[in-house]
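Shown next, in structure tokens, is the structure this report addresses.
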Amino acid sequence: SVKANLKNKNEIVKVKKKVDFPIRNLPEDIEEYLEASQTIDSETEEIIRLASELVEGEDDLYVVVYKLADWTKNNIKYNLSTFTSDASQKASWVLDNRKGVCDEMTTLFVAMLLSVGIPAKFVSGMVHTSAIDDGFGAHAWAEIYLPDQGWVPFDPTFGQLGFVDATHIKMDEPRDFRDSSVGFLWKVRDGTVTPGSIDNIDVEVL
């Protein structure tokens with residue numbers, strides 16, 4: 001087992017001036033965050049069409065991101081059915097079915113951002129929520145790049161748009177949500193290993 005104490009706090013990025021949309025002259029190290037993946041299929045025609053319609057006529061980047069996050073929160077039903085909670089779906093599936101857990105909601109949100117040229121990250125970690133029996137559980141949210149501002153968190157599942165509370169414990173920035181943030185490896189010599197199930201990460205407030 002591994003044990004650690006963590007002190008976490010909010011560092012809210014204050015957006016004090018308008019950031020123009022569409023974005024021009026992105027730094028080279030940010031351009032990779034515009035690339036689609038197997039599950040963040042931002043090049044799907046339906047995703048491009050919807051995102052473009054939602055942001056049509058807007059020239060303020062923060063307003064554009066907020067609109068896409070708000071649409072995701074209000075139009076994708078949070079659904080803990082076994083199918084979506086155990087087997088995360090790609091963004092186009094979420095748009096077609098209008099349901100999913102935090103993974104799917106974040107994936108669709110990120111895909112819509114990418115489809116209109118806004119760099120974004122899929123973030124995985126832990127969060128405190130009344131929906132989890134012990135208070136903490138695995139969660140996913142997004143970070144959006146704003147020129148001259150940096151990376152700003154948006155959590156469409158919780159409706160925390162432009163910030164996340166201090167119980168969001170970031171663990172990884174996978175390029176695709178099917179990339180695990182935790183890896184386990186067993187090695188044995190002159191014998192066998194039969195591992196049992198791995199317990200979930202246990203988090204408590206000190």
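How about the stretch 34-66: which of its residues are closer than 16 Å to Ala120 by Cα and among the charged types (D, E, K, R)? Passing the criteria: Glu35, Asp41, Glu43.
Look at (1) within 17 Å of Gly162 (Cβ to Cβ); (2) assigned to a loop (DSSP other than H, G, I, E, B); (3) in contact with a helix residue (DSSP H, G or I) (Cβ under 9 Å, 6 or more places away or on another chain) and you find that Lys16 fails only one, number (3). Among the residues making up the stretch 30-85, those that are open to solvent by less than 60 Å² (accessible area, probe 1.4 Å), part of a loop (DSSP other than H, G, I, E, B) and touching a residue at least 24 places away in the same chain (Cβ under 8 Å) are Ile30, Ala36, Ser37, Thr39, Ile40, Asp41, Ser42, Thr44, Glu58, Ile76. For the stretch 120-169, a residue qualifies if it is touching a Leu at 6+ places or on another chain (Cβ under 7 Å) and farther than 16 Å from Lys67 by Cα, and exactly one does: Ile169. Restricting attention to the stretch 104-126, and to residues there that are touching a strand residue (DSSP E or B) at 6+ places or on another chain (Cβ under 8 Å) and either small (Gly, Ala, Ser) or at pLDDT below 90 (or both), which single residue is surrounded by the fewest Cβ atoms within 10 Å (Cβ to Cβ)? My answer is Gly125. Is it the case, given these coordinates, that Thr82 is hydroxyl-bearing (Ser, Thr, Tyr), modelled with pLDDT under 95 and over 19 Å from the mean Cα position of the chain (by Cα)? Yes; evaluated as a whole, the condition is true for this residue. Looking at (1) part of a strand (DSSP E or B); (2) buried (at least 19 other Cβ atoms within 10 Å of the Cβ), which is the only condition Gly137 fails? Failed condition: (2).
The values are calculated or read from the model by the stated rules, or taken from the named source; none is laboratory data. Computed from a prediction, not measured in an experiment: that's the story for all the values here. When we count neighbours, we look across all protein chains shown, and the Cβ atoms used for this are built from the backbone with ideal geometry, even at glycine. Protein only, heavy atoms only, side chains kept; ligands, DNA and RNA dropped before computing areas. Shrake-Rupley method; radii C 1.70, N 1.55, O 1.52, S 1.80 Å.
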